[in-house]
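Everything on this sheet refers to the single structure shown next.
Rule-based calculations on the coordinates, nothing more; no lab input. Just so it is clear, the structure is predicted and the values come from calculations on it, not from any experiment. Here the Cβ positions follow ideal geometry from the backbone for every residue, glycine too, while neighbour counts run over all protein chains shown.
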Amino acid sequence: MHWIHFNEWCARHSTRGQVRDSNRIHAAWSHTALIVNNLTTPAGPVTDLAGLTACARSAIADAAPYHLPWMFGIPDPWLPASLDDANSALGEAGLRHLMYMTVMECAGPLTDPIRPLPKDAEVKRVDSRAIAFDALSLNSRAYGMPVAVTEDVIAANVYFSDPQCDFGFVVYNTAGVPVSTATAIDLGDRIYIAAVATDAEHRQKGYAELAMRASLSAAPKKPTVLDASRSGEPLYAQMGYQRRFKWNFWLAA
């Protein structure tokens, strides 16, 4: 489950991070204001709805002292019932459904681009605090988060502090404006693609694919995996990624 491994990686690199196991749950938190990096899951597959409810209550109790945004996540293979039944049980425990993401994998080289990639853009590896700010600001804006989230993540060194394993790139247009970003992270058995984001005014121009290919070109040659939003799935599919299963995520109500 590479979404868990990715968040464990983030927690280990964060100056505030924690990985906690208790009462049938597993928490991998970077302890920043970025919700996707404060992940709590069941410790493994859940056998029934009563167990799911118990996990949710344990997760809520575990999160309570920290006063940070967090997500409760479950991959489809671990769900004990339908999503509707899970939503009902988790709603009674105090969680509401937020979103799903689709696990997508590519075992070999990416397919060739179906259209020419931008040639007038400048692609820079994240090797300074200024470029890190550009990369994380693109993500914050893409998901409607304030700049304070970017500043908090940078302060905790969650990303871009391990150049042997963390390959982040930012694409700048001809005006020098950061327009897209992607990061490849070496998790050992796989390369995980994280933090892909494009400025809303510059989408559908090939910038995200350019950023992804730059990050993968710099990373070791291994199978790659990512967790795709609904809007990102078509791009990843045309690059050669195959859909596997979904993760669903809930928030404390």
Tell me which DSSP H helices of the chain clear both cut-offs, 20 Å or more of axial length from alpha-carbon atoms and a mean Kyte-Doolittle hydropathy of at least -1.0. 49-63
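How many lysine pairs are close in the chain, with Cα atoms under 25 Å apart and the two 8 or more places apart or on different chains? Write down the numbers at each step before the final one.
Details: LYS119/LYS205; LYS119/LYS221; LYS124/LYS205; LYS124/LYS221; LYS124/LYS222; LYS222/LYS246.
Final tally of qualifying lysine pairs is 6.
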What helix-only [θ] at 222 nm does the chain give? Using -39500 (n - 2.57) per DSSP H run of at least 4, over all residues, to the nearest 500, the answer is -9500 deg cm²/dmol
If the chain between CYS165 and LYS222 were fully extended at 0.36 nm per residue, the gain over the current Cα-Cα distance would be 19.3 nm
Expressed in angstrom and rounded, the centroid-to-centroid distance over alpha carbons for region 54-113 and region 168-208 is 25
Tell me which residues come under 5 Å, amide H to amide H, from VAL179 once H is placed; ignore anything under 5 positions away on its chain. VAL171, TYR172, ASN173
Return, for the Cα atoms of region 2-101, the radius of gyration and Dmax in Å, separated by a comma. 12.8, 38
Just need the relative contact order of the chain here, percent rounded to a whole number, with Cα pairs under 8 Å and 6+ apart. 24
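What order do you get for LYS221, LYS119 when you list them from fewest to most C-beta neighbours inside 10 Å? Write down the numbers at each step before the final one.
Details: LYS221 10, LYS119 7.
Arranged by neighbour count, lowest to highest, LYS221, LYS119 become LYS119, LYS221.
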Order of ASP162, ASP21 from fewest to most other C-beta atoms within 10 Å? ASP21, ASP162
With unit charges on the beta carbon (Lys/Arg positive, Asp/Glu negative), name the residue among SER14, ALA107, TRP3 whose Cα is farthest towards the positive pole of the charge dipole of the chain. ALA107
